[in-house]
Amino acid sequence: MSHTAIPAADPRATTRSRGASTGTLLVLLTGIFITTLDFFIVNVAIPDIQRDLGAGATSIQWVVAGFGLALGSGLITGGRLGDLFGRRRMYAFGLALFTAASLACGVAPSPGTLIASRVVQGVAAALLMPQVLGIINGTYTGERRARAFTAYGLALGLGGVFGQLIGGALIQADLFGTGWRSIFLINVPVGLVTLALVRRAVPAQPRTSGTRLDVPGTVLVTLGLLALVLPLIEGRRLGWPAWTWASLAASAVLLAAFALSQRRIDRRGGAPLVAPALFREPAFRVGSALALVYTLAMASFFLYLALYLQQGRGLSALESGLLFVALGAGYFAASTQATTIAARLGRQVLALGAAVQATGCLLLIAALGHGIGRLIPGLALVGAGMGFVLAPLSALVLSGAGDRHAASAAGVLSTAQQVGNALGVALVGIVFYGVAGEVSDAFRTSLLPVMAFCGATAVLAQFLPKR
């Protein structure tokens, strides 16, 4: 069975959508933007948090890791809950919980309170994020669906790209004397306004996959993902002790048991957490693997570029954030054209994006050691490559999922991306921190595996359906 890179429909369908209003996409993308932003924005506030709360190195690591751990391990379950209880309801609940947790982060009196609030933020994001893709896939049709997926990729990328710039600007502005706390408190008014618009702007969708949650499957996949993501987050910092390897081995066993349980439930005619039929669809099966491989190069690039700019070049958080504007400009320009190019090239738009990003990395390698302005062309190309991949990726992977399992499929896709982020930081971190000498040497070497991941992405794209 063949599929277009961007789902198509009959000509009449391209001019309408299933109950969507003008504000539907804005409400959905606001939620995805602020949750993605919070994954990245906290990095620039770490020095101020340490000084203000007296937090040690371990506590600071968990301020960052707690969010990612809860998010990565909860996305599949979050997607399934959307299938069971309604995507609009779970989106609103996730947004309300995220807003409350942001307030708790903003007023946290101690490192422990901040860590706990960050974990709740991650849980809320895991409930919210799969619903966005599920609602888009079930609400929009034809060309409007293609544009909605492109807008989703744009919001996702801009939240990551501009996280450091927005965080640096907020901290420097010191709104009402809040300092670093403003990066969390800003979510409260945004969340409340968006929450008030959900019922009016987002169409309700019926429950699609039964009324019961696969509790054993939920336990197995949550424990399996925790066992996988936890050592990836903590392993390098701790020197990869024995428990990290035992945890990785246990994750393989738990996830294998989860897969077997899903097949058994499906054979009995039940409602598995993740329908095995999803992986019989080539676009979803190969696309999920491609998403994981590609995101190996995403979070790692942002993290080690930030370290190079601040530690290697002595820039402030705001100054280094301003350089990300070049990356964001490239991303925005490519994202707005990605749908048109995907309609012509199909799967090769992903290979094109990976090649453009790898070329940008080569330009960065050549620019190291020269004036800071020499980095701008390479950053712009890296951003453009990301735009060509991320904008059409969700549409391509979810094109065959259908309405019935839309949110569950979105949960699997988002999980693949989050695991790829964690694994990429760990793998590239081994290279970055293993290089003796200057930070610039470490960053130069770290770009080599990033380029390799881009190459693997281009190869995997060849196994997707041609059209």
Signed unit charges on C-beta, dipole axis of the chain, positive-most listed residue Ser300, Leu228, Ala201: Ala201
Bins of 10 Å, starting at 0 and running to the largest distance - Cα pair percent for region 268-307: 24, 31, 23, 16, 4, 0
Positive dipole terminus of region 20-210, leading residue within Ala92, Ile46, Gly157 (C-beta point charges): Ala92
Added length on full extension, which subtracts the Cα-Cα distance from 0.36 nm per residue, Val459 to Asp48: 143.7 nm
Lys/Arg +1, Asp/Glu -1 at C-beta; region 274-467 dipole; positive extreme among Ala289, Leu396, Leu375: Leu396
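What is the gain in length, in nm to one decimal, between Arg313 and Leu345 on full extension, counting 0.36 nm per residue of separation less the C-alpha to C-alpha distance?
7.6 nm
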Per-residue [θ]222 nm for the chain (sum of -39500 (n - 2.57) over DSSP H runs n ≥ 4, rounded to 500): -25500 deg cm²/dmol
All Cα pairs of region 133-240, percent lying beyond 23 Å: 63 percent
The chain: relative contact order in percent, alpha carbon pairs under 8 Å with at least 6 residues between: 25 percent
Contour minus Cα-Cα distance for Ala173 and Leu26 (0.36 nm per residue): 50.3 nm
Cα centre as origin, Lys/Arg/Asp/Glu Cβ charges: the chain dipole, Debye: 1580 debye
Zero-based 10 Å bins, Cα pair distances in region 20-210, whole percents: 10, 37, 34, 15, 4, 0
Overall Cα dimensions of region 214-272, principal axis frame, Å, largest first: 46, 14, 11
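Rule-based calculations on the coordinates, nothing more; no lab input. Keep in mind the model is a prediction, meaning the values are calculated, not measured. Ideal geometry is used to build each Cβ from the backbone, glycine not excepted, and the neighbour counts take in all protein chains shown.
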